[in-house]
Amino acid sequence: MKVIVIGAGGHAKVVISTLQAMGIKVDAVVDKDEKKKGSKILGVPVIGSPNLLYGMDDVKAIIAIGSNQIRKHIASEFQNVEWLTLIHPRAYVHESVKIGEGSVIFAGAIVQPFACIGSHVIINTGATVDHDCEIGNYAHVAPGSHLAGGVKVGEGAFIGIGAVAIPNVHIGDWAIIGAGAVVTADIPSFATAVGVPAKPIKVNPKEK
């Protein structure tokens, strides 16, 4: 069984360090930027394009790319691999939490009882997801963000660094919450919302 990391940027450093902290040997990194071929990330070689995965059997992989749209595209493109789910040993995740394939929960994160994390989600460093939250596929809860109980985050939504949400609000699909924003009311799908309290300032394209 080979373990492959897809993506050789800064996010990959955190993903690889998480795998290593879990005691999982990483065999290689792949990235579409051919200039990165031959380099190493935390001792793991970058061997070439993600297209190499098409010729590999018995592969486990994780997408180490922060862009929610790109993770969705890659997950749909490479269906011959088994997607890993990562939980850093210094994260706290209650045993009742459900986590989909391909998702990562980084060091210092806290996920409380009966939260539901979708597939290919990022719960980043030091973020907290409280009881009964629902995090949609391909969403990203950035470092230091805090979601109170019962918050619903739609598919592909991005919760910016240091943002917070009060209990039971709904953040729509592919919405963007700016850094440091305070979500006190529902945010529509495809909206970008900033400020205290968070207010939508524009509508993002719906082609995802």
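Numerical summary
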{"item": "Length gained when the stretch A179-E101 is fully extended (0.36 nm per residue, less Cα-Cα span)", "result": "25.4 nm"}
{"item": "Residue pairs, from the table K25/K98; K37/K60; K35/K199, whose Cα atoms sit over 32 Å apart", "result": "K35/K199"}
{"item": "With at most 13 other Cβ atoms within 10 Å, longest stretch of the chain clear of loop GluC sites (Glu not before Pro) (DSSP)", "result": "96-206"}
{"item": "Gaussian network model of the chain, Cα within-10 Å springs - most flexible of I187, I63, I41", "result": "I41"}
{"item": "In region 1-74, the trypsin sites (Lys or Arg not before Pro) that fall in loop regions by DSSP, at most 15 other Cβ within 10 Å", "result": "K25, K32, K37"}
{"item": "The chain - percent relative contact order, Cα under 8 Å, separation 6 or more", "result": "11 percent"}
{"item": "15 Å beta-carbon shell around P143, net charge (K/R +1, D/E -1)", "result": "+2"}
{"item": "Neighbour-count ranking [beta-carbon atoms within 10 angstrom, fewest first] of C133, C116", "result": "C116, C133"}
{"item": "Proxy reagent accessibility, fewest Cβ within 10 Å first, across I122, I74", "result": "I74, I122"}
{"item": "Sorted by Cβ neighbour density within 10 Å, fewest at the top, the residues M56, M22, M1", "result": "M1, M22, M56"}
{"item": "More than 21 angstrom apart: percent of Cα pairs within the chain", "result": "50 percent"}
{"item": "Cα convex hull of region 86-199 - mean projected area over all directions, nm²", "result": "5.2 nm²"}
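Each value in this text was obtained by applying a stated rule to the coordinates, not by laboratory testing. Predicted model only: the values in this text are computed from it and were never measured. Glycine also receives a Cβ, built like all others from the backbone with ideal geometry; neighbour counts cover every protein chain displayed.
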